[in-house]
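Worksheet: one structure, shown below.
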Amino acid sequence: ENKDKVARSKDIAGALGVARPSVTGALRTLAGKGLVNYEPYGLITLTEAGRREARRIAEKHRIIESFFVDVLGVDGELAEQAACKAEHALGPVVVERLLAFTTFLRETAGSEPGIVERFKRSAARMRRKGTGL
């Protein structure tokens, strides 16, 4: 994290593959919420509230992705993509439970050796049989 990082709307549009007016609209919304410092044609920076929100979202993403990889055995790239989508849909209570469950599995690994691996084998059998979604 670097407090001095700045961006330009054209760079954001290019990185996201969207039109500049779409970025402008989003920046106005974010500025209205106090998350970014934005003036048309100027440099864009995060406010302190914006940095806090960015950290919160990054942590939420990390928890979801970790659950997908460590518990469900999803491939890293697929887990990254799915976590990106899920972070917008899952509320804080669900993410908190994912973290609690993942932590529980790690902490109980000694008393229940191989529980996650047994789950992964079971899931693989289901895929081979064609059961599931």
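Extension gain, Ala100 to Thr45, is 16.4 nm, computed as 0.36 nm per intervening residue step minus the present C-alpha separation. Using only the C-alpha atoms, the convex hull of region 82-122 corresponds to 78 Å³ per residue. For the chain, the longest principal axis of the C-alpha atoms and the axis of helix 20-32 are separated by about 90°. Across the chain, the mean sequence separation of Cα contacts (distance under 8 Å, 6 or more residues apart), normalised by length, yields a relative contact order of 16 percent. Taking N as the residue count of the chain, its C-alpha radius of gyration divided by 2.2 N^0.38 Å amounts to 1.40. Listed by chain and number, the aspartates and glutamates placed with their C-alpha closer than 19 angstrom to that of Lys5 are Glu39, Glu48, Glu53; residues fewer than eight positions away on the same chain are left out. Each label point was placed 7 Å from the Cα along the Cα-to-Cβ direction; for Ala109 and Ala124 their separation is 1.8 nm.
Put in line by how crowded their Cβ is, counting other Cβ atoms within 10 Å and starting with the fewest, His88, His61 read His88, His61.
Taking amide hydrogens as placed 1.01 Å from N in the peptide plane, the amide H of Asn37 sits under 5 Å from those of Thr45, Leu46, Thr47, each at least 5 positions away in sequence or on another chain.
How long are the semi-axes of the equivalent ellipsoid of region 51-129, taking √(5λ) for every eigenvalue λ of the Cα gyration tensor, in whole Å from largest down? Write out the running numbers ahead of the final one.
Numbers: eigenvalues 120, 53, 17 Å².
Square roots of five times the eigenvalues give 24, 16, 9 Å.
Just so you know, all these numbers are worked out from the coordinates, no wet-lab data involved. Given the structure is predicted, the values throughout are model-derived calculations rather than measurements. All Cβ positions, even for glycine, are placed from backbone atoms using ideal geometry, and neighbour counts span all protein chains on display.
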